[in-house]
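Take a look at this one; I'll ask things after.
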Amino acid sequence: MKDTLKRYFGYDCFRPLQEDIIRHILGGGDCLVLMPTGGGKSICYQIPALMMEGTAIVVSPLISLMKDQVETLRANGIPAAALNSNASEAINRDIAERALRGEYKLLYVSPERLLTELENGILRYTYGPEAQGALRISMIAIDEAHCISQWGHDFRPEYTQLGHLKSLFPNAPIAAFTATADKITKEDIVTQLAIQPDASGEVRIFVSSFDRPNLSLDVRRGYAAKDKMQYLLRLIGRHKGESGIVYCMSRKTTDAVAQKLSEHGVSAMAYHAGMSGAQRDMVQEAFVNDRIDVVCATIAFGMGIDKSNVRYVVHYNLPKSIENYYQEIGRGGRDGLPCETVLFYQVGDIITLRKFAEESGQEDINNEKLNRMQEYAESQICRRRILLNYFGETSDHDCCNCDVCNNPPKRFDGTILVQKALSAIRRTHEQIGFKLLIDILRGSSVQELLQHGFHQLKTYGCGRDVPFRDWQDYILQMLHLGYIEIDYKDNSHLKVTPQGDDVLYGRRQAQLAVISREDFTVKARRQAQRIQPVEGFHSKGLTEDKALFEHLRQLRLRLASEAGMPPYIVFSDRTLHLIATVQPTTLQSFSTISGVGAHKLETYGPTFVEEIRKYKEGAK
Ligand code: ADP
Ligand code: ZN
């Protein structure tokens, strides 16, 4: 496994879980993998695909995403192709014929295409050594698997048909991948894809940490349009020549912001679903190929973009859910280098989004998701902790890379308050929601409470001295700190988590933020951003030569445009920084750099080594 990783991708070690997942798939097992964007999902099926006999089928919802993946694989010397309904039939037929001859290790297919192929297409899929004149399938990978669930934020009806795959190919391991799935969505994916349990009867779900420590998190409340623009310009100024995305709620805003930025000399373009397909492709290509710095976009942008060197992501308006928000900021810093994210939040955004939710036909779910997004933006708790707890990963420490951690609010020992609330939840056998909980704590005599006999509980009225809306705030804090969770499958009743138990039984203290209700004033403060060092960097005490980096960046741009591919596919920013640091002048030392596999060594090694040699001689 390690040899394959080094030979094809040039990496020296696996990230957490990658090795376990690969071994599991090679052993023939099904699984669901939850990993954040940029976490390294692709390698989890690409390595098994390379090591197994036959061709791996990869189902992916977006054509641009498939194209990017196929280009990346080919740049590493791996035979791969994509079948999609956008290409001409002649091209698809040619690919299908090659596939039948077993020429590809990976074949990417859109879900609707896979269905036509299965019914009457050019390919007759089958599995196993007995397969003749048919495609020999090694395994099936389902990317963006949350699209199968109505609970996910990106439901696609074509995906539901994928439920037949297991019965059609019972022997091919199915591995489903997603970067965003809450509890219900997870269960839904497993059921609908018929993911089979392993020998011990357990369905294998690999959940990697959702933490992206290289993304800094910042929320700016109550900025007027003029102040937002000022802030944005300053931020872009800090990132001269680097790529960034500005997400806006409306098409009109994307145009206006792009226009304003251009007036200030920033190379920016708008992107939204109201533009023609050709226009959108043009903007996307320009961004991906580093010809423009900034894209001002609606949520229509980004799903299919694998660009690894996005250095800042700004939300000009509040997103409609935490899933959307996390996925969008997740498009930054995929190479592991620091990326700055800023979210602007105004009450006006909430009003508009409520209206969208009402019109969506799924009002309850969407309003609930919006509530959680709003709470995040208003919270006084480490933002990363909130995000991680939201995705079910109980995190119990602050991150030091968000605006709350950098400007901590006053805190107090809230252990007793928290214990009162947790105890009330327990005594009702976890059968109450927010409002009833506060009613019990405050000793109210609303009918629902009396009906259930909750006025006889020991905790009844034990929090009378705390006003209703303060309790609301504290209970939200408890949710964000991971002491309780909302069970949507059980009427949104509150449940105590194991961490909550620690507080309840006195094993841990609970620090709550003092509630401050004064409105935030517009006060743009310089962020003291603390960025964690990136592993593998400056490891030998070397420092990067900035001029050499710039030099090599130009070289990369030239080689990329000659080959007709985006620069980051030639080498990622991360790899390029490493090269400018190590400054290898022999092929041997060039090959040791992370991100240089055998194929890239052969293709680009000589040119780069030569360039570095010349540069060093010139510098003497
Ligand atoms: P995802 O699909 O989970 O969003 P990718 O598979 O695109 O993420 O991986 C993100 C980046 O991390 C890519 O540039 C990839 O080459 C890199 N990467 C993945 N695994 C490793 C590894 N073991 N070592 C170094 N880089 C890796
Ligand atoms: Zn934090």
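The values are calculated or read from the model by the stated rules, or taken from the named source; none is laboratory data. Note that the structure is a prediction, hence the values are computed from the model and not measured. Positions of Cβ are generated from backbone atoms using ideal geometry, with glycine treated the same way; all protein chains shown enter the neighbour counts. Side chains included, ligands, DNA and RNA excluded: accessible areas come from the protein's heavy atoms. Shrake-Rupley method; radii C 1.70, N 1.55, O 1.52, S 1.80 Å.
Quickly run through the range 475-491 and pick out the residues that are open to solvent by 40 Å² or more (accessible area, probe 1.4 Å) and not in a helix (DSSP H, G or I). Can you show your working first?
Let us first name the residues in the range 475-491 that are open to solvent by 40 Å² or more (accessible area, probe 1.4 Å), namely 476, 485, 487-489, 491.
Once the filter is applied, which keeps residues that are open to solvent by 40 Å² or more (accessible area, probe 1.4 Å) and not in a helix (DSSP H, G or I), the range 475-491 yields GLU485, ASP487, ASN491.
Take the residues of the range 390-410 that are assigned to a helix (DSSP H, G or I) and within 12 Å of ligand 2 (Cβ to nearest atom): which is nearest to VAL514 (Cα to Cα)?
Within the range 390-410, the subset assigned to a helix (DSSP H, G or I) is 390, 403-406.
Pick out the ones that are also within 12 Å of ligand 2 (Cβ to nearest atom) and you get 403-406.
Values: ASP403: 17, VAL404: 13, CYS405: 15, ASN406: 16 Å.
Here the residue is VAL404.
Tell me, please, whether a residue that is modelled with pLDDT of 90 or more, assigned to a strand (DSSP E or B), crowded, with 17+ Cβ neighbours inside 10 Å and within 16 Å of ligand 1 (Cβ to nearest atom) can be found in the range 227-250.
yes
Here's a follow-up. For ASN289, which of the numbered conditions (1) buried (at least 17 other Cβ atoms within 10 Å of the Cβ); (2) at pLDDT 95 or above; (3) of a type outside the set (Gly, Ala, Ser) fails to hold?
Every condition holds for ASN289 apart from (2).
Select the strands (runs of 3 or more DSSP E) contained entirely in the range 263-345, then report the ones holding at least 1 residues which are touching an Asp or Glu at 6+ places or on another chain (Cβ under 8 Å) and among the hydroxyl-bearing types (Ser, Thr, Tyr).
310-315, 339-345
Another question, then. For the range 454-474, indicate whether the set of residues that are of a type in the set (Ser, Thr, Tyr), crowded, with 16+ Cβ neighbours inside 10 Å and within 33 Å of the chain's Cα centre (by Cα) is non-empty.
Yes: one or more hits.
Can you tell me which residue in the range 51-65 is nearest to ligand 1 (Cβ to nearest atom), limited to those that are aliphatic (A, V, I, L, M) and either surrounded by fewer than 23 Cβ atoms within 10 Å (Cβ to Cβ) or at pLDDT below 90 (or both)?
Residue satisfying both the conditions and the ranking: LEU65.
The rows are residues; the columns are (1) on the phi < 0 side of the Ramachandran plot; (2) acidic (Asp, Glu); (3) within 16 Å of ligand 1 (Cβ to nearest atom).
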{"residue": "ILE351", "(1), (2), (3)": "yes, no, no"}
{"residue": "ALA357", "(1), (2), (3)": "yes, no, no"}
{"residue": "GLU363", "(1), (2), (3)": "yes, yes, no"}
{"residue": "GLY392", "(1), (2), (3)": "no, no, no"}
{"residue": "CYS399", "(1), (2), (3)": "yes, no, no"}
{"residue": "VAL404", "(1), (2), (3)": "yes, no, no"}
{"residue": "PRO409", "(1), (2), (3)": "yes, no, no"}
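What are the pairs with Cβ atoms under 7 angstrom where one residue, in the range 432-455, is in contact (Cβ under 8 Å) with a residue 40 or more places away in the chain and the other, located anywhere, is in a helix (DSSP H, G or I)? Sequence gap at least six, or different chains.
ILE432/ILE425; PHE434/ILE475; LEU437/ALA421; LEU437/ALA424; LEU437/ILE425; LEU437/ILE475
Pull out all pairs, ordered by first then second residue, where Cβ-Cβ is under 6 Å, the residues are six or more apart or on different chains, the first lies in the range 318-342 and is among the aliphatic types (A, V, I, L, M), and the second is away from ligand 2 (no atom under 16 Å from the Cβ) and modelled with pLDDT of 90 or more.
ILE322/ARG372; ILE322/MET373; ILE329/VAL313; VAL342/VAL314
Here's the yes/no breakdown for (1) within 16 Å of ligand 2 (Cβ to nearest atom); (2) basic (Lys, Arg):
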| site | (1), (2) |
| --- | --- |
| THR178 | no, no |
| LYS186 | no, yes |
| LEU193 | no, no |
| PHE210 | yes, no |
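Next question. Return yes or no: is HIS577 open to solvent by 60 Å² or more (accessible area, probe 1.4 Å) and either within 16 Å of ligand 2 (Cβ to nearest atom) or assigned to a helix (DSSP H, G or I) (or both)? Spell out the reasoning first.
Numbers: open to solvent by 60 Å² or more (accessible area, probe 1.4 Å): no; either within 16 Å of ligand 2 (Cβ to nearest atom) or assigned to a helix (DSSP H, G or I) (or both): yes.
Spelling it out, it is not the case that HIS577 is open to solvent by 60 Å² or more (accessible area, probe 1.4 Å) and either within 16 Å of ligand 2 (Cβ to nearest atom) or assigned to a helix (DSSP H, G or I) (or both).
Quick check on the range 369-380. Is at least one of its residues touching a strand residue (DSSP E or B) at 6+ places or on another chain (Cβ under 7 Å) and within 15 Å of ligand 2 (Cβ to nearest atom)?
Checking the range 369-380: at least one residue is touching a strand residue (DSSP E or B) at 6+ places or on another chain (Cβ under 7 Å) and within 15 Å of ligand 2 (Cβ to nearest atom).
Considering every residue within the range 149-162, establish whether at least one is at pLDDT below 90, of a type outside the set (Ser, Thr, Tyr) and either open to solvent by less than 20 Å² (accessible area, probe 1.4 Å) or in contact with a Phe, Trp or Tyr (Cβ under 8 Å, 6 or more places away or on another chain) (or both).
Looking for residues that are at pLDDT below 90, of a type outside the set (Ser, Thr, Tyr) and either open to solvent by less than 20 Å² (accessible area, probe 1.4 Å) or in contact with a Phe, Trp or Tyr (Cβ under 8 Å, 6 or more places away or on another chain) (or both), one finds at least one in the range 149-162, hence yes.
Could you tell me which numbered condition GLY27 fails, if it satisfies all but one of (1) surrounded by fewer than 19 Cβ atoms within 10 Å (Cβ to Cβ); (2) more than 17 Å from PHE177 (Cβ to Cβ); (3) modelled with pLDDT under 95?
Going through (1) surrounded by fewer than 19 Cβ atoms within 10 Å (Cβ to Cβ); (2) more than 17 Å from PHE177 (Cβ to Cβ); (3) modelled with pLDDT under 95 one by one, GLY27 breaks only (3).
Among what's in the range 580-595 and is out of contact with any Leu (no Cβ under 9 Å at 6 or more places or on another chain) and either assigned to a helix (DSSP H, G or I) or in contact (Cβ under 8 Å) with a residue 40 or more places away in the chain (or both), pick the residue that is farthest from ligand 1 (Cβ to nearest atom).
Going through the qualifying residues, I end up with GLN588.
Here's a follow-up. Criterion first (modelled with pLDDT of 90 or more and small (Gly, Ala, Ser)) does ALA181 satisfy it? I'd like the intermediate steps shown before the answer.
Values: modelled with pLDDT of 90 or more: no; small (Gly, Ala, Ser): yes.
In short, no.
Here's something else I'd like to know. Pairs only if they're at least six apart or on different chains, beta carbon under 9 angstrom, first in the range 382-400 and among the hydroxyl-bearing types (Ser, Thr, Tyr), second open to solvent by 40 Å² or more (accessible area, probe 1.4 Å) and within 16 Å of ligand 1 (Cβ to nearest atom); list them, first residue then second.
Note: pairs meeting the criteria are SER395/SER209; SER395/ASP211.
In the range 306-326, how many residues are open to solvent by less than 20 Å² (accessible area, probe 1.4 Å), away from ligand 2 (no atom under 16 Å from the Cβ) and within 19 Å of TRP151 (Cβ to Cβ)?
Selection size over the range 306-326: 4.
A further question follows. When the range 366-388 is examined, which residues are found to be outside any helix (DSSP H, G or I) and either open to solvent by 20 Å² or more (accessible area, probe 1.4 Å) or in contact with a Cys (Cβ under 7 Å, 6 or more places away or on another chain) (or both)?
GLN380, CYS382
It is to be established whether one or more residues within the range 174-182 are assigned to a loop (DSSP other than H, G, I, E, B), closer than 30 Å to GLY336 by Cα, among the β-branched types (Val, Ile, Thr) and not assigned by TED's automatic domain parsing to the domain that holds PHE356.
Checked against the condition, which is being assigned to a loop (DSSP other than H, G, I, E, B), closer than 30 Å to GLY336 by Cα, among the β-branched types (Val, Ile, Thr) and not assigned by TED's automatic domain parsing to the domain that holds PHE356, the range 174-182 yields at least one hit.
Mind checking which helices (runs of 4 or more DSSP H) fall wholly inside the range 1-97 and carry at least 2 residues that are among the small types (Gly, Ala, Ser) and either within 16 Å of ligand 2 (Cβ to nearest atom) or in contact (Cβ under 8 Å) with a residue 12 or more places away in the chain (or both)?
Filter on the range 1-97 gives 41-51, 63-75.
Restricting attention to the range 580-600, and to residues there that are hydrophobic (A, V, I, L, M, F, W, C) and farther than 26 Å from GLU285 by Cα, which single residue is most open to solvent (accessible area, probe 1.4 Å)? Working first, answer last.
Applying the first criterion (hydrophobic (A, V, I, L, M, F, W, C)) to the range 580-600 yields 580, 582, 587, 590, 593, 596, 598.
Then keep just the ones that are farther than 26 Å from GLU285 by Cα; that gives 580, 582, 587, 590, 593, 598.
Working: ALA580: 0, VAL582: 48, LEU587: 81, PHE590: 0, ILE593: 7, ALA598: 52 Å².
Applying the filter and picking the extreme gives LEU587.
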